[in-house]
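**Q** For reference, the structure I am asking about is given below.
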Amino acid sequence: MIFFILGLSLFGGGLAFVLPKNGMRNGVLVCVALVHLLCMASFWIIPLPDVRGSFLALDQLGLLVLSVVSTLFFVVSIYAVGYFRGEANKSNRMLIGCLLCFLFSMTLVTVSQHLGLFWVAIEATTLASAPLINLQRARQGFEATWKYLMICSVGIALALLGTFFLAISAIGFKTLLLRDLLSHAVSFSVPWLKLSVIFSLVGYGTKMGLAPMHTWLPDAHSEAPSPISALLSGALLNCAFLGILRIGQVCNAAGQGSFFGSMLTLLGLISMGVAAVFISGQSDYKRMLAYSSVEHMGILAVGIGVGGMGLYGSFFHMVNHAFTKGMLFMTAGNLYQYYHTKRSRDVTGVLRTYPWTGGLLTVGFLAITGMPPFGTFLSEIQILSAAVDQRHYGVAFFYLLFLALIFVSMATIVLRMVQGMPRQACAPKKNRESILAVVPPLFLALIVLMLGLYVPPFLDGAFKEASQLLGS
Amino acid sequence: MLLGLDMALAVIVILAICLLGAVRLGSIIRLFVFQSFVMATIPLMLGGEVHIHKLVIVLGTVVLKVIFIPTMLFWAVRHVSIRRYAPGFFGIGANLLLGGFLVGLSFFLSSGIVLTEKPFSDLLIPSAFSTLFIGFLLLISRTKAITQVVGYLVMENGIFLFALLLLETTPLLVELGIFLDIFVGVFIMSIVINRIQNEFDHTDTSRLTAPEGEKG
């Protein structure tokens with residue numbers, strides 16, 4: 001089954017490079033995304049056989065990330081068909097081919113049980129997504145692509161070094177299979193393990209967008225076409241997060257959980273602080289969303305770092321953030337198509353001109369800043385209460401402070417865009433909003449709303465099981 | 001055999017320092033080729049029997065880093081005059097001085113962490129750290145896109161030296177995956193460099209920002 005889901009996306013990608021027509025390629029994209037989604041759903045219903053010592057297997061952590069990736073990819077693929085319809089005269093071979101290869105590499109990330117293979121898959125996600133950032137071949141896009149390629153490749157190279165150090169620290173066993181690492185973790189050489197944690201955190205942290213290694217993220221997310229930004233933010237960052245979780249598993253098994261936790265908490269708080277500074281007065285609304293991703297990756301890191309209930313909160317927040325941010329980037333994509341600008345100052349009165357998009361933008365803003373009744377509210381409060389429970393009062397203070405700052409600055413930017421009268425000069429002719437541009441983000445918004453009111457038992461169980469995997 | 005190994009490791013570090021001093025794009029790529037070639041021979045000097053795994057590593061490194069990647073890099077800069085200088089932020093003197101400092105630091109660091117079993121040569125870990133650090137310095141101190149790629153590759157060479165400690169651990173499949181990733185990575189970077197060259201008429205990454213008026 002795992003081979004099927006991997007082969008499917010790779011085959012689809014290959015097919016997209018061969019097929020002659022744009023329409024056929026779009027069909028392949030949506031079909032592969034749908035079958036991928038169904039496969040993912042089947043993993044929830046039929047538990048996979050427990051293959052000991054296998055390179056490819058799906059545990060609860062991997063399954064959670066895979067579900068987020070698969071669901072988001074399906075929604076985005078439908079949105080992308082509508083989004084790129086305006087460029088029907090251009091070939092979308094590169095777009096669809098790379099998207100499906102991207103899906104393949106992300107799937108491989110979630111099922112890798114060998115840390116070396118995991119590294120290969122993470123690097124493959126960078127390579128598959130880099131061509132997607134500058135599809136229009138705009139001048140300013142080159143800087144974003146170059147930064148993304150260079151910073152992520154170098155960061156990931158450090159993670160490879162960290163992975164090797166981990167193997168060196170495994171005295172006598174010299175293995176990189178996760179199961180073996182976990183069972184032998186007690187006898188690890190501590191200095192090498194700590195060195196490995198530092199390098200891996202820097203490496204995978206770069207890819208995840210943790211400050212101060214986040215510098216590629218705002219450029220890449222704001223220059224990429226919106227469906228791509230949604231995938232980068234909602235799916236790719238979580239894959240890198242999985243890398244940090246794997247290292248955390250080994251650390252906890254080796255009894256070095258507190259070292260890992262304190263490093264991660266520090267990185268998380270720095271990320272939230274940096275995001276708070278850069279969101280205030282941000283003039284580009286896509287950059288604002290990108291910095292908000294840095295903030296939320298920081299929240300995930302803090303949740304894992306403080307431990308306890310924070311683990312549950314982090315996994316819950318990962319799901320919430322992926323869907324909310326995916327929805328917001330799609331809404332931003334609609335705005336860009338209507339107004340042809342990324343400057344938030346030039347966009348006013350969205351609610352009057354485009355009621356659906358304006359409404360979605362407001363809902364998305366409330367959800368991303370953690371207002372009730374959305375799921376993000378619950379998960380953020382769980383992480384906060386975990387920090388208080390574990391007596392990290394300083395962490396809790398800064399966490400709240402940064403959240404409040406970000407709420408205020410985002411409110412200033414977004415509410416000004418949504419309300420007011422549309423400017424005559426900038427407002428284009430009122431045309432009907434297409435269904436493909438509204439339904440995908442609306443669907444994601446409903447999921448996030450539902451998660452705030454009711455967490456299905458299977459998901460609740462999965463979060464608990466995942467927290468147990470990570471707990472020491 | 002051991003003397004040969006030590007010599008090879010020393011040559012790798014010396015070549016890395018030479019890279020710091022080199023300013024012409026052509027000579028930078030050639031120095032990198034030479035370094036990679038020396039590095040490819042190291043697995044053969046480690047002693048022990050020569051099995052298929054080792055041979056694949058040696059051949060893979062030669063094909064990838066001595067033949068493919070340099071060809072691609074030369075292709076990427078074919079518009080640029082080879083004589084064009086690529087000086088860094090700090091100037092050559094400061095760069096070399098920093099390089100020397102980094103080599104010293106690597107020896108200091110490696111004396112601090114104890115390896116659980118004795119490595120093949122005492123020089124292996126310090127030279128791996130040195131190559132890694134110098135690659136990083138090359139990466140951050142130069143502004144030309146091509147020197148940044150070479151800096152990244154020199155870093156990768158340093159990591160390769162660490163990987164020699166784990167020759168028996170990493171499965172061949174994963175090893176090949178790593179090779180493939182580096183190959184595709186440099187391939188995409190070359191294409192981007194080529195596009196940048198066409199678009200901007202230079203490859204200075206510190207001047208990639210489009211003028212204010214053109215921003216969309």
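**Q** Specify the residue that is surrounded by the fewest Cβ atoms within 10 Å (Cβ to Cβ); the eligible residues are those in the stretch A:164-180 that are over 30 Å from the mean Cα position of the chain (by Cα) and more than 7 Å from chain B (Cβ to nearest Cβ).
**A** A:Gly172
Matching residues to (1) closer than 17 Å to A:Gly268 by Cβ; (2) free of Cβ contacts under 8 Å to residues at least 12 places away in the same chain; (3) crowded, with 24+ Cβ neighbours inside 10 Å; (4) in contact with a His (Cβ under 6 Å, 6 or more places away or on another chain):
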position: A:Met309; (1), (2), (3), (4): yes, no, no, no
position: A:Ser314; (1), (2), (3), (4): yes, no, yes, no
position: A:Gly349; (1), (2), (3), (4): no, no, no, no
position: A:Arg352; (1), (2), (3), (4): no, no, no, no
position: A:Gly375; (1), (2), (3), (4): no, no, yes, no
position: A:Leu378; (1), (2), (3), (4): no, no, no, no
position: A:Ala386; (1), (2), (3), (4): yes, no, yes, no
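**Q** Here's something else I'd like to know. Would you say A:Val109 is within 24 Å of B:Ile182 (Cβ to Cβ), within 10 Å of chain B (Cβ to nearest Cβ) and assigned to a helix (DSSP H, G or I)?
**A** The answer is no for A:Val109.
**Q** List the residue pairs whose Cβ atoms are under 8 Å apart, where the first residue sits in the stretch A:35-48 and is without any contact (Cβ under 8 Å) to a residue 60 or more places away in the chain, the second is among the basic types (Lys, Arg), and the two are 6 or more positions apart or on different chains.
**A** Taking only residues 6 or more apart or on different chains, not a single pair turns up.
**Q** Next question, about the same structure. Do you know which residues across the stretch B:139-165 are more than 9 Å from every other protein chain (Cβ to nearest Cβ), modelled with pLDDT under 90 and not in a loop (DSSP other than H, G, I, E, B)?
**A** Listed by number, the residues that qualify are B:Ile140, B:Ser141, B:Arg142, B:Lys144, B:Ile146, B:Thr147, B:Phe160, B:Leu161, B:Leu164.
**Q** While we're on this one: If you scan the stretch A:168-203, which residues turn out to be of a type in the set (A, V, I, L, M), without any contact (Cβ under 8 Å) to a residue 40 or more places away in the chain and part of a helix (DSSP H, G or I)? Can you show your working first?
**A** Of the stretch A:168-203, the ones of a type in the set (A, V, I, L, M) are A:168, A:170-171, A:176-178, A:181-182, A:185-186, A:190, A:193, A:195, A:197-198, A:201-202.
Those still in the list that are without any contact (Cβ under 8 Å) to a residue 40 or more places away in the chain too: A:168, A:170-171, A:195.
Hits for the stretch A:168-203 are A:Ile168, A:Leu195.
**Q** Against the conditions (1) modelled with pLDDT under 85; (2) within 9 Å of chain A (Cβ to nearest Cβ); (3) farther than 28 Å from A:Ala170 by Cβ, where does B:Ile188 fall short? Just the number, please.
**A** Of the numbered conditions (1) modelled with pLDDT under 85; (2) within 9 Å of chain A (Cβ to nearest Cβ); (3) farther than 28 Å from A:Ala170 by Cβ, the odd one out for B:Ile188 is (1).
**Q** Counting only residues that are farther than 27 Å from A:Ile247 by Cβ, in contact (Cβ under 8 Å) with a residue 40 or more places away in the chain and of a type outside the set (Gly, Ala, Ser), how many does the stretch A:93-134 have?
**A** So the answer is 10.
**Q** So, of the residues in the stretch B:165-188 that are closer than 15 Å to A:Met150 by Cβ and touching a residue at least 60 places away in the same chain (Cβ under 8 Å), which turns out to be farthest from the chain's Cα centre (by Cα)?
**A** The qualifying residue farthest from the chain's Cα centre (by Cα) is B:Phe187.
**Q** Among the residues in the stretch B:166-176, are any surrounded by 20 or more Cβ atoms within 10 Å (Cβ to Cβ) and more than 10 Å from chain A (Cβ to nearest Cβ)?
**A** No.
The values are calculated or read from the model by the stated rules, or taken from the named source; none is laboratory data. Bear in mind that the values here come from a model prediction, so they are computed numbers and not experimental data. FYI the Cβ positions are ideal-geometry reconstructions off the backbone, even for glycines, and counts take in every protein chain you see.
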